[in-house]
Amino acid sequence: MQEEVKWNDRMNIGVESIDKAHKRLFSIMRKLQISMSGDEDGRKRVCIEGIKYFKSYALKHFAEEEEYMQSIDYDGYEIHRRLHENLKNTTLPALERDLELSDYSVEACRHFQGIMLSWLRGHIMIEDRAIVGKADGKWTHTPDKEEVAELEKAIIRVMQESFRLAMWIVSDHYAGEEFGPAVCYRMNCRLGEGQKAKIFLVFEERLALHIVSGALNARFKKVDKIVNNTIKRLCQHTVKRMEACCGLIKVESVEKENILTGDQLSKDFELGYPQYGLLFDSRQGYFGFCIKKSRAQTKA
């Protein structure tokens, strides 16, 4: 069951027009959540109209917020604008595609609600509050577009070749936004020149079960120790495959590997966002891939 959508006054940043817009976005999300309990025809109609209105209002708000940031010469304007652009040009179109292909299924509507609500909360509490000095922005690294494109291409290729999964990008600024129950793999390692880093592979539970069932030629209906251990081995293989086709991933040594809960993943990301964070959709579920490098470089 999804968490109830509620506005929290801690999300106020102190700029009336911006706070009013944020509250309105939460109100729209709340109405979408309520619509999920209706009959199929009514739910689909309300979802179509509600999501259309959410998108229209969000884009209007982004433009007004960017205008405000420029008016006060906000130093983090460019990174903040790119976060808006990623949601507008990549995430929302991908989620809309999922909705349309599934004929606005309950699962697709929950994906939309989960990702948007998680994104809004994180963005407001950190990046928007940073505008007025109430927080420090966590997106401190703006990856080169060519690097992101290389990483995206490598992930799509490896997942297709390894698991016969067709994938498309949902976000190129993924920071652990919740899309439902997930199996999370973390590799603590050293990359080129001995730089400490963490590599994360995040599988929606149904995607993890699909992959493990195919790998072991047996049907798994719930995540258990066998599933977690299999995912761990498959992730080791996946990272090695990616090394061969992506210059950003050159693992010199592996120090530790873990299977994390969603809460553990969130806590890790609370300490700082990844330099590279990509989220993908497939017909079998969502998949996230992140590289989080240590700020300081040390020799192995």
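Computed with a 1.4 Å probe on the full set of protein chains, the accessible area for T142 sits at about 50 Å². Let me know the shape class of the range 72-113, please: from the alpha-carbon gyration tensor, a ≥ b ≥ c as square roots of the eigenvalues, rounded when a/c is under 1.5, otherwise prolate if a/b is greater than b/c, or oblate. The shape class here is prolate. As a calculated quantity, the FRET efficiency between A215 and N89 at R0 = 30 Å, using C-beta atoms, amounts to about 0.30. A value for semi-axes √(5λ) of the Cα gyration tensor in Å was derived from the coordinates, and within the list [x] 31, 26, 16; [y] 28, 26, 16; [z] 76, 18, 16 it appears as [x].
Among residues other than R283 whose Cβ falls under 12 Å from its Cβ, what is the net charge (Lys/Arg +1, Asp/Glu -1)? Net charge around R283: -1.
The range 119-181 and the range 183-221 have their alpha-carbon centroids 17 Å apart.
Each residue, E107 and Y68, gets one label point 7 Å from its Cα in the Cβ direction; the gap between the two is 3.9 nm. Computed over the chain with a Gaussian network model linking Cα atoms closer than 10 Å, the most mobile of D98, D73, D128 is D73. Annotation: extensible slack from K250 through R121 equals 43.1 nm (criterion: 0.36 nm per residue apart, minus Cα-Cα distance). Between E177, E255, E152, the Gaussian network model of the chain with springs among Cα atoms under 10 angstrom shows the greatest mean-square fluctuation at E255.
In this structure the range 76-233 gives 44 Å² per residue of accessible area when probed at 1.4 Å with all protein chains present. For Q264 and S27, the difference between the fully extended length at 0.36 nm per residue and the C-alpha to C-alpha distance is 82.4 nm. Between the beta carbons of E193 and A149, assuming R0 = 25 Å, the FRET efficiency works out to 0.60 to the nearest 0.05. Among the chymotrypsin sites (Phe, Trp or Tyr not before Pro) in the range 195-251, none is located in a DSSP loop while being surrounded by at most 10 other Cβ atoms within 10 Å of its own Cβ. A Gaussian network model of the chain, with springs between Cα atoms under 10 Å, assigns the largest mean-square fluctuation among V170, V46, V212 to V46. In plain terms, the chain from R45 to R82 could stretch by 10.1 nm, reckoned as 0.36 nm per residue minus the Cα-Cα distance. The alpha-carbon atoms of the range 24-115, seen along their principal axes, cover 49, 23, 17 angstrom, with the largest extent given first. Rounded to whole numbers, the Karplus 3J(HN,Hα) couplings from phi for the range 47-55 are 4, 4, 5, x, 5, 4, 5, 4, 4 Hz, using 6.51 cos²θ - 1.76 cosθ + 1.60 with θ = phi - 60°, and x at Gly and Pro. Quick one: 3J(HN,Hα) in Hz for the range 146-157, Karplus 6.51/-1.76/1.60 with θ = phi - 60°, rounded, Gly and Pro as x. Here the 3J(HN,Hα) series is 5, 5, 4, 5, 5, 5, 4, 4, 5, 5, 4, 5 Hz.
Of the solvent-accessible surface of the chain, computed with a 1.4 Å probe over protein heavy atoms with every protein chain present, carbon and sulfur atoms account for 47 percent. Taking label positions 7 Å along the Cα-Cβ direction at both R233 and K20, the computed distance is 6.0 nm, reported to one decimal.
The values are calculated or read from the model by the stated rules, or taken from the named source; none is laboratory data. A quick note: this is a predicted structure, and the numbers were derived from the prediction, not measured. Here Cβ is always computed from backbone atoms with ideal geometry, including for glycine, and neighbour counts include all displayed protein chains. The accessibility values were calculated without ligands, DNA or RNA, using every heavy atom of the protein model including side chains. Shrake-Rupley method; radii C 1.70, N 1.55, O 1.52, S 1.80 Å.
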